[in-house]
1. Considering only region 61-78, state which residues are at pLDDT 90 or above and under 24 Å from GLU22 (Cβ atoms).
2. Just the residues that are over 23 Å from THR21 (Cβ atoms), hydrophobic (A, V, I, L, M, F, W, C) and loosely packed, with under 13 Cβ neighbours inside 10 Å, please, taken from region 79-124.
3. Of the residues in region 46-97, how many are over 19 Å from CYS32 (Cβ atoms), in a loop (DSSP other than H, G, I, E, B) and hydroxyl-bearing (Ser, Thr, Tyr)?
4. Enumerate the pairs (first residue in region 31-42 and in contact (Cβ under 8 Å) with a residue 12 or more places away in the chain and closer than 13 Å to ARG92 by Cα; second residue anywhere and assigned to a loop (DSSP other than H, G, I, E, B) and of a type in the set (Gly, Ala, Ser)) with beta-carbon separation below 7 Å, excluding pairs fewer than 6 apart on the same chain, so at least 6 apart or on different chains.
5. Can ASN35 be described as at pLDDT 75 or above, in contact with a Lys or Arg (Cβ under 8 Å, 6 or more places away or on another chain) and not aromatic (Phe, Trp, Tyr)?
6. Restricting the first residue to region 107-131 and requiring it to be over 15 Å from SER34 (Cα atoms) and assigned to a loop (DSSP other than H, G, I, E, B), which pairs with a second residue that is small (Gly, Ala, Ser) and modelled with pLDDT of 85 or more meet a Cβ separation below 8 Å and a spacing of at least six or different chains?
Amino acid sequence: MPIGTIKELMQDMENGTYNFTENGKCSQCGQCCSNILPMTDKEIEMIRRYIKRYNIKEQKHLVPSANPIIDLTCPFLDTSKEKEKCTIYEARPAICRCFKCDEPNGALKHKELYEGVRKATDVRKTFYGKV
């Protein structure tokens, strides 16, 4: 995935810019797939039904080690695939539908993010009962 030179990447990171898009379109790299997401109760219920219906398994992103480490990556991100990495893509929450890493304030344009009560949700714990 071409994201520019290392020097450009380091400069972007120093400026707080994290752009992993390809020609302005999502590259499906999974860098934005966090375990903590703002969700409504309705979204949580929809995702629960979806993972039950399609038997979606938890994805783990850590190499086993002697010391326990917290996996901060979304448990629905399947990094074994080059594209279509989100295992709940059809049922993903609004923040995932709206977010684009090259437009950090883009969420402000999406009124649906302000409807209902959103709470910071530990995705792994909520859907798989694990921390």
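The values are calculated or read from the model by the stated rules, or taken from the named source; none is laboratory data. Computed from a predicted structure; not experimentally measured. For neighbour counting, all protein chains shown are included, and Cβ atoms are generated from backbone atoms with ideal geometry for every residue, glycine included.
1. Of everything in region 61-78, those that are at pLDDT 90 or above and under 24 Å from GLU22 (Cβ atoms) turn out to be THR73, CYS74, PHE76, LEU77, ASP78.
2. Matches in region 79-124: VAL117, ALA120.
3. Number of matching residues: 2.
4. Pairs that qualify, where the first residue is in contact (Cβ under 8 Å) with a residue 12 or more places away in the chain and closer than 13 Å to ARG92 by Cα and the partner is assigned to a loop (DSSP other than H, G, I, E, B) and of a type in the set (Gly, Ala, Ser), are THR40/GLY116; LYS42/GLY116.
5. yes
6. That search, which allows pairs on different chains as well, returns HIS110/ALA94.
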